[in-house]
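The values are calculated or read from the model by the stated rules, or taken from the named source; none is laboratory data. Computed from a prediction, not measured in an experiment: that's the story for all the values here. Note that each Cβ is placed from the backbone with ideal geometry, even for glycine, and that neighbours are counted across all protein chains shown. Note: accessible area is taken over every heavy atom of the protein model, side chains too, but ligands, DNA and RNA are not part of it. Shrake-Rupley method; radii C 1.70, N 1.55, O 1.52, S 1.80 Å.
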Amino acid sequence: MKLKGVRGAPDLLPQESARWQRVEAATRSLVQRYGYAEIRTPVFERTELFVRGIGEGTDIVEKEMYTFTDQGEVNLTLRPEGTAPVARAYLEHQMAAQFPLVKVYYLGPMFRRERPQSGRYRQFHQIGVEAIGSGLPAVDAEVIDLLWALMVEEFRIPDLQLRLNSIGDAACRPAIRDRLLRYMADRSSDLCSDCQGRLTRNPLRIMDCKQPGCQRLVTEAPKPLEGLCGACAAHFAEVRDLLDLLKIPYTIDDRLVRGLEYYTKTAFEVINPRLGAQNALAGGGRYDGLIEVMGGPSTPAMGFAVGMERVMASLPSAQEESILRGVYVATLGQEAQRTGMGLLQELRRRGMRGLMDLEARSLKGQMRQANKERVRYCLILGDEELRRGQAMLRDMLKADQASLALDRIAEHLMGLEGV
């Protein structure tokens, strides 16, 4: 039987990985300009972290986590999201003692056991940003500004929509929840089976259901914005004012709730309407209660996560694929190959992208390979060139060539574009 990969955990092949690397590099560059430092947490944690942090009544905890018991009889789970591990690390390593506002980002794989479909995988990848330690609306605005800059200015994804809402806090959430519960309980027979279960566990999740019957009920249901306390309403108004100041376009979506129980106040999503059903590229919000749930002091926090697979599906056609870069050393004869290997080592040490033939192909075959590798220059070296102490340098873009002294090749290449 031929072995195959696991369904819902696709391979990322070399011809695709270059685009991912460009997205990752653009992300690192931008978030560091905003003052965020990278954090790397393990891909598995104690199961209790996610049960307490995400909430027992969520679909993730109830249906989707990859959980196992190790040899030490410890219950472990592959991380289904990145915020709870960051909060755990924040507490465990007393990061609050180093900075009053801790600003971190991460990139990496997450795992959820759900039915694989377009834009939804069992192993997927996220970019995450977390700002822990301040409850001020300015933090909300800066985090949303960062996300918008990442999507629009760095990734250049067209036609995106930013949707914004506030879902209250510990002071007003119980009343918001009770109003919605009373409304839905009177109409429970029209709810889907999942939402009937959510009635007692987390009725706010019904607002997020995609089933047509539930959506019809939600249209007339009491909305979180209608029940905000004075403090939450003032916080949301200031967030909106700051986004207007920063000229970030948004739409109020009074049905928007986040799927995890630790969210409070500001909630937001970035939508790409072109993607169909799975159209949410990113989402986030405040989670002022999470650190306390994990045993720490009351600590306000704000963040977002971006689904990288959906970003890749949204990117416009990559024009940079046509860029030629680097040097290919084509050799004829054993002595030329040995000389070429030494020269190639020097070029690489100087920071150039350098390749060569190691399989004794013909010159024609090597030139075909150079074209396939999309190099800018091809350095041709044979026995005759060695006797003259020279090599032929061909510019693959301009289709011209010239002879160069072997001892001047590295210095000459350093001054050229495209290496």
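So if I take the centroid of the Cα atoms in segment 344-419 and the same for segment 225-254, what is the distance between those two points in Å?
That distance is 59 Å.
Rounded to the nearest 500 deg cm²/dmol, what is the calculated helix-only ellipticity per residue at 222 nm for the chain, with -39500 (n - 2.57) per DSSP H run of length n ≥ 4? If you can, show how the numbers build up before the last one.
Values: 14 runs with 146 residues, N = 419.
Estimated from H runs of four or more residues: -10500 deg cm²/dmol.
Once Lys and Arg get +1 and Asp and Glu get -1 on their Cβ, which of THR264, HIS235, VAL311 lies farthest toward the positive end of the dipole of segment 172-318?
VAL311
Roughly how many percent of the accessible protein surface of the chain is carbon and sulfur, given a 1.4 Å probe and a whole-percent answer? Can you show the working numbers first?
On the way: 10330 of 21120 Å².
Answer for the chain: carbon and sulfur cover 49 percent of the accessible area.
How large is Rg/Rh for segment 355-419, to two decimals, with Cα atoms and a Kirkwood Rh? Numbers along the way, then the final one.
Details: Rg = 11.8 Å, Rh = 12.5 Å.
Across segment 355-419, the Cα-based Rg/Rh ratio is 0.95.
With θ set to phi - 60°, apply the Karplus curve 6.51 cos²θ - 1.76 cosθ + 1.60 along segment 183-188 and write out the HN-Hα couplings as whole Hz, x wherever there is a Gly or Pro.
Here the 3J(HN,Hα) series is 5, 6, 4, 6, 10, 4 Hz.
Between [x] -0.47, -0.99; [y] -0.37, -1.01; [z] -0.31, -0.99, which entry matches log10 I(q)/I(0) by the Debye sum over Cα atoms at q = 0.07, 0.12 Å⁻¹ as derived from the coordinates of this structure?
Derived directly from the coordinates: [x].
For segment 276-419, what is the accessible area per residue in Å², given a 1.4 Å probe and the full set of protein chains? Mind dumping the intermediate values first?
Numbers: 7270 Å² over 144 residues.
Here the residues of segment 276-419 average 50 Å² of exposed surface.
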